[in-house]
1. Identify, from the list E221, E188, the residue that is assigned to a loop (DSSP other than H, G, I, E, B) and in contact (Cβ under 8 Å) with a residue 12 or more places away in the chain.
2. I'm checking my understanding of the structure. Among residues of region 203-218 that are in a loop (DSSP other than H, G, I, E, B) and not polar (S, T, N, Q), which one is surrounded by the most Cβ atoms within 10 Å (Cβ to Cβ)?
3. Can you name every residue in region 62-86 that is within 14 Å of T207 (Cα to Cα) and either assigned to a strand (DSSP E or B) or in contact with a helix residue (DSSP H, G or I) (Cβ under 6 Å, 6 or more places away or on another chain) (or both)?
4. For region 343-352, indicate whether the set of residues that are among the basic types (K, R) and modelled with pLDDT under 95 is non-empty.
5. For region 249-273, what are the residues that are surrounded by fewer than 22 Cβ atoms within 10 Å (Cβ to Cβ), in contact (Cβ under 8 Å) with a residue 40 or more places away in the chain and among the hydrophobic types (A, V, I, L, M, F, W, C)?
6. Quick check on my filter: what residues within region 19-48 are within 17 Å of D71 (Cα to Cα) and open to solvent by 20 Å² or more (accessible area, probe 1.4 Å)?
7. Run P44 past the list (1) assigned to a loop (DSSP other than H, G, I, E, B); (2) farther than 27 Å from A344 by Cα and report the number of the one that doesn't hold.
8. If I filter region 308-320 for residues that are hydroxyl-bearing (S, T, Y), touching a strand residue (DSSP E or B) at 6+ places or on another chain (Cβ under 7 Å) and free of Cβ contacts under 8 Å to residues at least 60 places away in the same chain, do I get at least one hit?
Amino acid sequence: MQTGCDKNIDFFLGALGPSGGFRGYFCDLADQPDLWLYLIKAGPGCGKSTLMKNLARQAAGPVERIHCSSDPDSLDGVIFSSPRAAILDATAPHTLEPAYPGAKETVVNLFGTLDPQTLYQNRAEIIRLFDTCGQLQKSAGRCLASASLLLREQQLAAAGCLNREKLEQYVTRLGRRLLPDKGRTGSEQLRLLSAITPQGPLCYTGTVETLASHKVVFRDEWGAAAPLAIQLLRQMALERGYDIYTCLCPLSQPAAAEHLLIPELGLAFLTSNLWHPMDFAGQQNIHCSRFMDRQALSCHKNRMRLSRRTAAELLEQTSAFQRKAKQTHDQLEEYYKAAADFEAVNAIGRATAKALGLE
């Protein structure tokens with residue numbers, strides 16, 4: 001998909017999910033027939049993110065920067081507009097293996113740049129740090145799963161007070177006005193615009209600014225109306241021939257569309273809530289309370305507010321455990337940095353840039 005702009009954009013492709021484990025969408029890139037994949041295999045601290053950042057800077061056209069939700073300052077991947085290619089961190093937790101090696105994927109192996117003797121000498125501490133990091137991430141996942149369950153209960157309570165017919169009629173009129181029919185079927189790519197990270201909830205609003213001049217924002221305090229609205233608009237956009245980014249909610253179970261970006265039209269349909277308030281100059285606001293039976297909703301509000309406060313506390317704990325995991329991971333990286341031959345890493349980076357036609 002071309003971004004329809006001349007600037008780089010930022011997404012996540014995976015994050016801690018509502019089941020408590022990592023939920024990723026990296027395999028969706030592997031399913032794109034025209035996209036060549038470079039899969040990096042390496043240990044922590046071997047220069048994967050630095051290599052990808054360098055390639056992104058060398059690209060002639062705009063790129064998508066795919067960030068790591070466990071450390072948003074690091075990259076999990078870069079998707080190039082020209083050539084049609086992507087380079088991805090193919091190690092755990094988003095392990096990717098080449099399905100058609102040499103025919104559709106290239107493995108970028110950085111393991112050969114490591115001195116195994118140096119790592120072996122420090123094996124006890126390396127194993128301890130790996131295990132500690134894994135346990136901290138599991139603790140973060142349990143907190144997030146509990147928060148997701150509370151938010152799901154809140155959403156279900158609000159859904160019982162939703163006038164679905166009124167919402168569907170409104171959204172259908174909106175879609176017909178903003179999505180002229182192109183007479184073909186569109187295409188879809190899945191992304192995450194936001195995630196719960198060591199920095200707290202993080203949303204790449206700059207990506208919205210880059211891709212969309214017209215922003216339609218569903219302000220949905222309880223999470224019952226916006227998912228239905230975005231799903232209806234998603235279906236209309238695809239049926240009417242548009243290539244779209246569907247941005248999924250990292251907290252929803254099952255996975256639900258949270259935002260819709262249509263670069264060709266410079267149009268975004270967004271959900272605004274406590275976790276990622278959307279406030280852009282000139283945006284069109286749709287207050288979802290207009291579709292709710294307020295009297296019926298008032299019977300649930302005290303319990304729903306308690307659920308939301310508890311969920312917020314749990315998400316704070318999620319980020320706190322993620323910060324501790326990152327600190328542990330940073331210690332682990334030091335052992336791998338000491339064992340890495342970064343001249344060899346840089347040489348592999350240059351060879352990859354040449355293969356991509358960036359040099």
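The values are calculated or read from the model by the stated rules, or taken from the named source; none is laboratory data. None of the values given here were measured: they were computed from a predicted structure. Virtual Cβ from ideal backbone geometry, glycine too; neighbours counted across all protein chains shown. Note: accessible area is taken over every heavy atom of the protein model, side chains too, but ligands, DNA and RNA are not part of it. Shrake-Rupley method; radii C 1.70, N 1.55, O 1.52, S 1.80 Å.
1. Values: E188 fails: assigned to a loop (DSSP other than H, G, I, E, B).
After applying the criteria, what remains is E221.
2. Step one: list which residues in region 203-218 are in a loop (DSSP other than H, G, I, E, B), which gives 204, 212-213.
Now restrict to residues that are not polar (S, T, N, Q): 204, 212.
Details: Y204: 22, A212: 24.
For region 203-218, the residue satisfying everything is A212.
3. To start, the set of residues in region 62-86 that are within 14 Å of T207 (Cα to Cα) comprises 62-67.
Passing the criteria: V63, E64, R65, I66, H67.
4. Our first condition is that a residue be among the basic types (K, R); within region 343-352, this holds for 350.
Remaining after also requiring modelled with pLDDT under 95: none.
No: region 343-352 contains no residue that is among the basic types (K, R) and modelled with pLDDT under 95.
5. Passing the criteria: A255, L265, L267.
6. G21, F22, R23, G24, K48
7. All conditions pass for P44, except number (2).
8. As a first pass, look at region 308-320 and keep what is hydroxyl-bearing (S, T, Y): 310, 318-319.
When the remaining residues are screened for being touching a strand residue (DSSP E or B) at 6+ places or on another chain (Cβ under 7 Å), the result is 318-319.
Remaining after also requiring free of Cβ contacts under 8 Å to residues at least 60 places away in the same chain: none.
Within region 308-320, not a single residue is hydroxyl-bearing (S, T, Y), touching a strand residue (DSSP E or B) at 6+ places or on another chain (Cβ under 7 Å) and free of Cβ contacts under 8 Å to residues at least 60 places away in the same chain.
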